[in-house]
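Chemist: There's a structure below that I have some questions on.
The values are calculated or read from the model by the stated rules, or taken from the named source; none is laboratory data. Since the model is a prediction, treat every value here as computed from it, not as a measurement. So basically every Cβ, Gly included, is an ideal-geometry build from the backbone, and we count neighbours across all protein chains shown.
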Amino acid sequence: MLVGVFCFGALVLIIGFSIFTGGFSSFRGKNERFVMVFHENVYGLHEGGKVTLNGVRIGRVERFFLGDATEEGPVPVLIEINRKLVQRHMVEEENQLFDLDGFLKSEVVARLQAKLIQESFVTGILYINLTTGVDVNEEKNLYGYREIPTSASIFAELSESINLEKLSKQVSEVMVTSTRKLNDLNVSKLSKDFTVTNNALQGFLEQISSSYSPLGPKLSSATDELKIAIGKINLISDNLKEMFDPTSDFRFGFSNTMRDISAMSKSLKSLADLLERNPQAFLRGKGETSE
């Protein structure tokens with residue numbers, strides 16, 4: 001009798017568990033699923049991670065799709081909207097987001113946007129937050145599911161904004177262009193032109209001075225001052241030509257400075273990428289040698 005009672009109880013438990021799991025699977029099969037593609041590092045986003053709508057949890061991360069493409073390393077993610085969570089929090093009357101069965105309305109799905117959010121700087125855990133925008137998204141399907149467009153996370157925006165390497169290249173290009181334009185300017189010819197103009201002007205003033213003797217002293221004084229001014233201009237042009245010469249110390253020092261700025265920008269970019277992948281490393285610090 002004891003063996004029979006034990007076997008009967010075990011059989012009841014097995015049948016009840018099968019019915020429960022079957023019903024649960026059937027209910028889960030009716031949940032909504034969406035795909036979103038993140039063009040950034042998703043370290044910290046795990047299978048089973050939470051999915052929120054304006055901060056309220058409504059689902060989970062079901063799986064990832066790897067190997068779709070190698071360019072820029074896109075990571076498609078499949079999420080599941082849990083209807084039990086939705087029905088627990090939703091209002092039943094005049095609900096603008098969900099219908100009575102707990103499904104997102106089609107006009108709401110068309111305006112959804114997804115973004116990776118950092119849950120904690122210590123743990124580095126990521127989750128997906130959905131928001132409703134104003135613009136209507138073009139309907140796209142991926143792997144048989146409706147695709148929700150994504151926006152860059154805070155760390156991705158930070159990594160993109162720290163781009164001093166690009167700035168240093170632009171400064172170098174400006175320097176090269178300025179040097180090329182300066183060489184095309186032909187400072188030597190310009191200096192000679194100034195000298196010829198100065199001589200012609202002095203000859204013209206001498207003729208005026210001889211023709212109009214009363215004005216001679218004043219014109220001679222003006223000629224001397226003009227000659228001094230043109231001489232200073234010639235001196236400035238010579239200094240500029242010497243400074244921008246390819247073998248000058250200024251060009252050599254400027255090139256070294258640009259190389260140092262480029263190396264520094266690469267280091268900052270690497271730091272930004274590291275913090276994007278492992279934000280908890282900023283607080284945890286360097287590990288022990290044994291680790």
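Chemist: Could you grab me the full set of residues in region 29-48 that are under 25 Å from A110 (Cβ atoms) and touching a strand residue (DSSP E or B) at 6+ places or on another chain (Cβ under 8 Å)?
Modeler: Filtering region 29-48 down to residues under 25 Å from A110 (Cβ atoms) leaves 29-40, 42, 45.
Once the filter is applied, which keeps residues that are under 25 Å from A110 (Cβ atoms) and touching a strand residue (DSSP E or B) at 6+ places or on another chain (Cβ under 8 Å), region 29-48 yields N31, E32, R33, F34, V35, M36, V37, F38, H39, E40, V42, L45.
Chemist: Find the residue count for region 72-106, including only residues that are within 24 Å of S151 (Cβ to Cβ) and either without any contact (Cβ under 8 Å) to a residue 12 or more places away in the chain or not assigned by TED's automatic domain parsing to the domain that holds R57 (or both).
Modeler: Adding up the residues that qualify gives 2.
Chemist: Filter region 126-145 for residues that are surrounded by fewer than 17 Cβ atoms within 10 Å (Cβ to Cβ), of a type in the set (A, V, I, L, M, F, W, C) and within 19 Å of L78 (Cα to Cα) and give the result.
Modeler: Result: L142, single match.
Chemist: Mind listing just one residue for me: the one in region 110-134 that is more than 19 Å from E40 (Cβ to Cβ) and more than 22 Å from the chain's Cα centre (by Cα) and, of those, modelled with the lowest pLDDT? It would help to see each step written out before you state the result.
Modeler: The first filter runs over region 110-134 and keeps only residues more than 19 Å from E40 (Cβ to Cβ), leaving 110-111, 122, 132-134.
Filter once more, so that each one left must be more than 22 Å from the chain's Cα centre (by Cα): 110-111, 122, 132, 134.
Values: A110: 92, R111: 92, V122: 69, T132: 90, V134: 82.
Once the filter is applied, the top-ranked residue is V122.
Chemist: State whether one or more residues within region 135-148 are in contact with a Leu (Cβ under 9 Å, 6 or more places away or on another chain), more than 24 Å from L66 (Cβ to Cβ) and either among the β-branched types (V, I, T) or in the same structural domain as V77 (by TED's automatic domain parsing) (or both).
Modeler: Yes; the residues of region 135-148 include at least one that is in contact with a Leu (Cβ under 9 Å, 6 or more places away or on another chain), more than 24 Å from L66 (Cβ to Cβ) and either among the β-branched types (V, I, T) or in the same structural domain as V77 (by TED's automatic domain parsing) (or both).
Chemist: Let me ask you something else. For region 43-60, which residues satisfy the criterion of being in contact with a Phe, Trp or Tyr (Cβ under 8 Å, 6 or more places away or on another chain) and not basic (K, R)? Break it down into steps so the answer makes sense when it comes.
Modeler: Applying the first criterion (in contact with a Phe, Trp or Tyr (Cβ under 8 Å, 6 or more places away or on another chain)) to region 43-60 yields 45, 47, 49-52.
Listed by number, the residues that qualify are L45, E47, G49, V51, T52.
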